[in-house]
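Peer 1: One structure coming up, written as structure tokens, with questions to follow.
The values are calculated or read from the model by the stated rules, or taken from the named source; none is laboratory data. Everything numeric here is computed off the predicted structure, so don't read it as measured data. Using ideal geometry, Cβ is built from the backbone for each residue, glycine included, and neighbour counts are taken over all protein chains shown. To get the accessible areas, we keep the full protein, side chains included, count just its heavy atoms, and leave off ligands, DNA and RNA. Shrake-Rupley method; radii C 1.70, N 1.55, O 1.52, S 1.80 Å.
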Amino acid sequence: SPPPSCSSSSSSAALRPWRQTRAACVHGAGGRATTGARHASAASEAEAAGPEVPHYMLEGTAEGERPTSPCGENLWHYSHVKMMDQSLRRLAGMALLPSPTAGPAHASTLASSEDLICVSHGTEDDPIFNYATAAALSLWEMTWDEFVATPSRLSAEAPSREERQTLLDRVASDGFIADYSGVRVSTSGKRFMIKGATVFNLLDDEQVKRGQACVFRISEVEFL
């Protein structure tokens, strides 16, 4: 059962499998996997995915409203976190949660992480952020309410937005990309380089696209 309050302390215990699974993805049980083979598999899944459904909303969010901050009342957006984890496992061989059956308590740990940046946006014509870990909010210097009201394109400087859109188009086609690097900017104007990020499509149980997400560690950020 989930913890009784929203103030779960940050812990890296539930986040280690992300890096361990990432290593397992590279070497695999039967030898070293090739990037081309992984992308070909992801592309096949992306092609098999159903039509994109606009205006995906996190469970419990009313029409016209933005998602509330993760807490016990909304189970730390467990349904959304589980979809992110399942999509990452299926497309890239990585994971956000310790296991596919991990419960809401692990969604709480993810939300409060000060080490792992995980953000996602929906399927609007101008996609808007709908999820961020504590580390992401700190990096972009925003509150939760500010972040989930922000179009994701505004996370990059104006000259970088065309490059960012090219990236997202590639993800839409291939399913995911690994080792992404790019410059982003916080609300106070601090510029930083993201290194080693994984960007991936969010697919529900019916393989309908529900948005895109990005994950990387704070250690992979270089302030400029």
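Peer 1: Please list, in chain and number order, the residues 5+ apart from S112 or on another chain whose amide H is under 5 Å from its amide H, with Hs placed from the backbone.
Peer 2: It is A134, by chain and number.
Peer 1: On the principal axes of its Cα set, how long, how wide and how thick is the range 170-224? Give whole Å, largest value first.
Peer 2: 41, 22, 18
Peer 1: Between E163 and E73, what is the FRET efficiency for a Förster distance of 41 Å, r being their Cβ-Cβ separation, to the nearest 0.05? Don't jump to the answer; show the numbers that get you there.
Peer 2: Values: r = 39 Å, r/R0 = 0.95.
For R0 = 41 Å, the calculated efficiency reads 0.60.
Peer 1: Using a 1.4 angstrom probe on the protein heavy atoms only, could you order D126, D204 from most to least accessible area? Don't skip to the end; give the middle numbers.
Peer 2: Numbers: D126 55, D204 20 Å².
Putting D126, D204 in descending order of accessible area: D126, D204.
Peer 1: Another question, then. Taking amide hydrogens as modeled 1.01 Å from N in the peptide plane, which residues meet the under 5 Å criterion relative to V208, leaving out close sequence neighbours?
Peer 2: Correct list: G50.
Peer 1: Expressed in whole Å with the largest first, what are the equivalent ellipsoid semi-axes of the range 91-224 derived from the C-alpha gyration tensor as the square root of 5 times each eigenvalue? Show your work: numbers first, answer last.
Peer 2: Working: eigenvalues 91, 67, 43 Å².
Semi-axes (√(5λ), whole Å): 21, 18, 15.
Peer 1: Run the quick spin-label model on D115 and E146: label points 7 Å from Cα toward the beta carbon, then report their separation in nm to one decimal.
Peer 2: Between D115 and E146, the simple spin-label model gives 2.7 nm.
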